[in-house]
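The values are calculated or read from the model by the stated rules, or taken from the named source; none is laboratory data. These numbers were taken from a predicted model, which means no experiment stands behind them. Backbone-built Cβ (ideal geometry, glycine too); neighbour counts: all protein chains shown.
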Amino acid sequence: MSGLFTAAFLRQIGWDIDVYERSRVELVGRGVGITTHPELLEALNNSGAGLDELGVEVHKRIALDRAGRVIAEKHLPQILTSWDRLQRLLRQTIDAARYHLGRTFERVEQDGSGVVVHFSEGDCERADLLLGCDGIRSGVRAQVAPTIEPIYSGYYIWRGAPNEADLRPQTRASIFPYFTFYLPAQQQVIGYPIAGLNNDLRPGHRRYNFIWYRVADAQTLRQMCVDEAGHAHKYSVPPPLIRKDLIAQMRADGEAILPPQFLDCLNSMRPFFTPIYDFSAPQLVFGRVALIGDAASSARPHMGFGMAKAGGDAQALAEALGSHDHIEEGLAQYNRLRQPIGEHCLQHGRKLGAHLGVNLRTSQERAMWKLLQDDRAMMNWIAVPNFLAAYQ
Ligand SMILES: Cc1cc2nc3c(=O)[nH]c(=O)nc-3n(C[C@H](O)[C@H](O)[C@H](O)COP(=O)(O)OP(=O)(O)OC[C@H]3O[C@@H](n4cnc5c(N)ncnc54)[C@H](O)[C@@H]3O)c2cc1C
């Protein structure tokens, strides 16, 4: 997404820009939900991607008790979209000839006036700039700033997106139209409606984005990352390889912990887990190399702001390059404006993560933990718009 946003914005200021994606096939069918924020809508509009059929609008948030009864609610209209929809909107902004699948960044050389980028496939390209839009495990960042590594938060999420049609009538009526919370001790369960496959927004054809935060120390996570064949993965396990005993244990926990509607979601979906990491690079520019989006910083997903930050980074970079005669000055402005935003997102994500009660060290963190034990407080803090205003 950062790569596509960056291409769209830089093309508007007259740059020739090529996107190199390591995947050999089009990135489609990733069924995860994305909360939208005003900054994301602005970036989609300004980049030319537009907001056409963006997603499902919900009008309120609700919190459930263990029996599935509504114990709190909050009016908060919000559009919930999906990774697939955003990818499709952004993908159409780029000329097919400038989007190169199956090209994997390997290393970069710099000579002061440009870069030579080498790809694992054996070829290389010369350019004025290399923009590392290659995600939280960025290979570009690993070369220019090898000491910066994402930090494990101490918790992970089980996720999935059951089809609306597969859910029970009671689940469809009581939680499907809403942004729903269930908050047992040291856990969070969050759900909201998103489009169905091929961006189908028709009632009956949508999906419900299900997220269940669970605490696990680093040792437990390492064991979880051993797959069905006994192979240990470093960060996470591809969904089809997740061990059956882990899924069986998770489903048993679900029976014991979840309200009936969320249990119905769990029983109707193919679950996978994502460990939560975060970091913020103290510097985004390294000569003629700049980091964008998750490669530059990645906050815990409690704000649902990663996509908005990616769009904002790309837009700020184009504005900075477009308003300076010298590339270095433009890059310096980009660094000055966007590095603090990544830092604020990092801090805010950690603040909201206090709800899970992991590694609370300061009195402020303990106070935040206490505040967020209340369902209403969580509805007021999680994935709400304009949270950055508090940092300006
Ligand atoms: C659990 C979870 C929930 C989230 N929820 C939300 C939400 O509700 N709202 C929201 O806005 N954001 C959310 N995010 C964050 C969001 O997904 C990211 O911030 C967003 O995708 C921007 O990422 P990116 O484009 O910078 O990196 P990525 O999406 O990681 O993309 C990096 C790309 O680079 C490619 N690549 C990697 N290495 C190479 C290489 N060596 N050579 C060539 N290509 C390479 C990858 O294949 C990939 O296509 C969530 C994240 C997580 C983990």
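In the set T81, T93, only one residue is within 22 Å of the chain's Cα centre (by Cα), surrounded by 15 or more Cβ atoms within 10 Å (Cβ to Cβ), of a type in the set (V, I, T) and modelled with pLDDT under 95; that residue is T81.
Scanning region 168-194 for residues that are in contact with a Phe, Trp or Tyr (Cβ under 9 Å, 6 or more places away or on another chain), within 20 Å of G353 (Cβ to Cβ) and in a loop (DSSP other than H, G, I, E, B) yields Q186, Q187.
Kindly establish whether A49 is in contact with a helix residue (DSSP H, G or I) (Cβ under 9 Å, 6 or more places away or on another chain), at pLDDT 95 or above, away from the ligand (no atom under 11 Å from the Cβ) and not polar (S, T, N, Q). Taking the combined requirement at face value, the residue satisfies it. Screening R159 on (1) of a type outside the set (A, V, I, L, M); (2) touching a Phe, Trp or Tyr at 6+ places or on another chain (Cβ under 8 Å); (3) under 30 Å from D264 (Cβ atoms); (4) surrounded by fewer than 18 Cβ atoms within 10 Å (Cβ to Cβ) shows it passes everything except condition (4).
If a residue has to be more than 16 Å from the ligand (Cβ to nearest atom) and either assigned to a loop (DSSP other than H, G, I, E, B) or within 30 Å of L356 (Cβ to Cβ) (or both) to count, how many in region 297-337 make the cut? Residues flagged as more than 16 Å from the ligand (Cβ to nearest atom) and either assigned to a loop (DSSP other than H, G, I, E, B) or within 30 Å of L356 (Cβ to Cβ) (or both) within region 297-337 amount to 4.
Within region 285-292, is there a residue that is near the ligand (Cβ under 10 Å from one of its atoms), touching an Asp or Glu at 6+ places or on another chain (Cβ under 9 Å) and not small (G, A, S)? Please lay out each step first, then the result.
Step one: filter region 285-292 for residues near the ligand (Cβ under 10 Å from one of its atoms), giving 291-292.
In the following step, the residues that additionally are touching an Asp or Glu at 6+ places or on another chain (Cβ under 9 Å) were identified as 291-292.
Next cut, not small (G, A, S) only: 291-292.
Within region 285-292 (the criterion being near the ligand (Cβ under 10 Å from one of its atoms), touching an Asp or Glu at 6+ places or on another chain (Cβ under 9 Å) and not small (G, A, S)), the answer is yes, since at least one residue qualifies.
Of all residues in region 135-167, which are over 30 Å from H355 (Cα atoms) and within 11 Å of the ligand (Cβ to nearest atom)? Result: G139, V140, R141, A142, Q143. When we screen V144, V116, V140, V58 for residues that are β-branched (V, I, T) and over 25 Å from the mean Cα position of the chain (by Cα), the only hit is V116. Determine if region 252-272 includes at least one residue that is under 18 Å from the mean Cα position of the chain (by Cα), closer than 29 Å to E149 by Cα and surrounded by 15 or more Cβ atoms within 10 Å (Cβ to Cβ). Yes, region 252-272 contains a residue that is under 18 Å from the mean Cα position of the chain (by Cα), closer than 29 Å to E149 by Cα and surrounded by 15 or more Cβ atoms within 10 Å (Cβ to Cβ). The C-beta contact set for region 1-15 (first residue more than 14 Å from the ligand (Cβ to nearest atom), second residue assigned to a helix (DSSP H, G or I) and at pLDDT 95 or above, distance under 6 angstrom, 6+ apart or interchain) comprises L10/A318; I13/A318; I13/G322.
Taking residues in region 247-267 that are more than 18 Å from A216 (Cα to Cα), and partners anywhere that are surrounded by 21 or more Cβ atoms within 10 Å (Cβ to Cβ) and among the hydroxyl-bearing types (S, T, Y), the pairs with Cβ atoms closer than 6 Å and at least 6 places apart or on different chains are P259/Y182; Q261/T171; F262/Y182; D264/T171; C265/Y208. Cβ-Cβ under 7 Å, sequence separation 6+ or interchain: first residue in region 33-59 and in contact (Cβ under 8 Å) with a residue 24 or more places away in the chain, partner away from the ligand (no atom under 11 Å from the Cβ) and among the charged types (D, E, K, R). Which pairs? Close Cβ pairs satisfying both conditions: L54/R85; G55/R85; V56/R206. Restricting region 16-32 to residues that are assigned to a loop (DSSP other than H, G, I, E, B), near the ligand (Cβ under 6 Å from one of its atoms) and over 20 Å from L44 (Cβ atoms) leaves a set whose member that is modelled with the lowest pLDDT is S23.
Being within 13 Å of the ligand (Cβ to nearest atom), aliphatic (A, V, I, L, M) and more than 30 Å from P271 (Cβ to Cβ) is true for just one of L54, L41, L80. Which residue is that? Just one listed residue meets the conditions, L41. The set of residues from region 269-285 being outside any loop (DSSP other than H, G, I, E, B), of a type outside the set (F, W, Y) and more than 17 Å from A316 (Cα to Cα) comprises T274, P275, I276, D278, S280. Restricting attention to region 177-203, the residues that are within 16 Å of D375 (Cα to Cα) and among the small types (G, A, S) add up to 2. Of the listed requirements (1) within 12 Å of the ligand (Cβ to nearest atom); (2) β-branched (V, I, T); (3) free of Cβ contacts under 8 Å to residues at least 40 places away in the same chain, V116 misses just one: (1). For region 240-251, give me each residue that is surrounded by 13 or more Cβ atoms within 10 Å (Cβ to Cβ) and of a type outside the set (A, V, I, L, M). The answer is R243, R251. Quick one: which residue in G139, G154 is surrounded by 17 or more Cβ atoms within 10 Å (Cβ to Cβ) and either in contact with a Cys (Cβ under 9 Å, 6 or more places away or on another chain) or at positive phi (or both)? Sole residue among the options that is surrounded by 17 or more Cβ atoms within 10 Å (Cβ to Cβ) and either in contact with a Cys (Cβ under 9 Å, 6 or more places away or on another chain) or at positive phi (or both): G154. What do you reckon, is I211 part of a strand (DSSP E or B) and either touching a Gly at 6+ places or on another chain (Cβ under 8 Å) or of a type in the set (A, V, I, L, M) (or both)? Yes.
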